[in-house]
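J.: Take this structure, written in structure tokens, and hold onto it; I'll ask about it next.
The values are calculated or read from the model by the stated rules, or taken from the named source; none is laboratory data. Note that the structure is predicted; figures quoted are calculated from it, not measured. Reconstructed Cβ throughout: ideal geometry from the backbone, glycine too, with neighbour counts over all protein chains shown.
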């Protein structure tokens, strides 16, 4: 496993990379722009090349791009759907500039039209985008906590979307806090084994390319997305020890999205991951 953090935007790219490299990060995740806005801002190719070179120098690989939260490929609004498709396409292009292999996407909210129609629309939207998206970047679907009309909380949702495309066209990112909120048990060895067996059946572990490792203080099955520091929530140290020792590939990116990223909590949480993984 390659441990890393979601890197804050404030302070500048170079300064933040140097800081997380000093903490021993081997991978990072970034937003390519405002995570709650429709525009990413301009980035010259020369600057993108400098950023990629810095990551190579610091032996940070891969850098994962997380798409904006606004994107909703299951939206019932034609205008909102158009803007979502456009921003996702721009995000894929930005990932190419930064030499990132992955873009992570929250699957979306069906807004009352129902699961079946929502998933069908997500599939159609991705099929439309694939015709122009760069082949060097893989779109990863992230499981959700399942609040409101969110899709992707059930592993079956992710599996259904993936099976609508040629094998390995898409991939998946698991978030432990989201999974716990959706009702999956990450809090014990038995729970982890059962949860990952369910994931393997419905999706396939071979499609898992990134893990978001976060504790959470909410009750299991609450459908509420709240992140906590490692070992300080209801998943707890026992759960993370079992999860991290599951036998993951050496090059699998495992990224912290814990509170107060960009502070000394990054070091504390990274130390916890190293300790609990053995």
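J.: For the condition surrounded by fewer than 24 Cβ atoms within 10 Å (Cβ to Cβ), at pLDDT 95 or above and under 30 Å from residue 272 (Cβ atoms), what is the one hit in 160, 190, 128?
T.: Details: 160 fails: under 30 Å from residue 272 (Cβ atoms); 128 fails: under 30 Å from residue 272 (Cβ atoms).
Answer to the check: 190.
J.: Is there a residue in segment 102-113 that is in contact (Cβ under 8 Å) with a residue 60 or more places away in the chain, surrounded by fewer than 23 Cβ atoms within 10 Å (Cβ to Cβ) and more than 27 Å from residue 220 (Cα to Cα)?
T.: Yes.
J.: Here is a further query. From the list 154, 61, 49, pick out the single residue that is at pLDDT 95 or above and surrounded by fewer than 16 Cβ atoms within 10 Å (Cβ to Cβ).
T.: Numbers: 154 fails: surrounded by fewer than 16 Cβ atoms within 10 Å (Cβ to Cβ); 61 fails: surrounded by fewer than 16 Cβ atoms within 10 Å (Cβ to Cβ).
Going through 154, 61, 49 in turn, just one is at pLDDT 95 or above and surrounded by fewer than 16 Cβ atoms within 10 Å (Cβ to Cβ): 49.
J.: Run residue 237 past the list (1) in a loop (DSSP other than H, G, I, E, B); (2) surrounded by fewer than 18 Cβ atoms within 10 Å (Cβ to Cβ) and report the number of the one that doesn't hold.
T.: (1)
J.: Further question: Test residue 261 against the criterion of being at pLDDT below 95, part of a loop (DSSP other than H, G, I, E, B) and under 22 Å from residue 102 (Cα atoms), and give yes or no.
T.: Numbers: at pLDDT below 95: yes; part of a loop (DSSP other than H, G, I, E, B): yes; under 22 Å from residue 102 (Cα atoms): yes.
Criteria met by residue 261.
J.: Looking at segment 31-54 only, could you name the residues that are in contact (Cβ under 8 Å) with a residue 40 or more places away in the chain and in contact with a strand residue (DSSP E or B) (Cβ under 7 Å, 6 or more places away or on another chain)?
T.: 32
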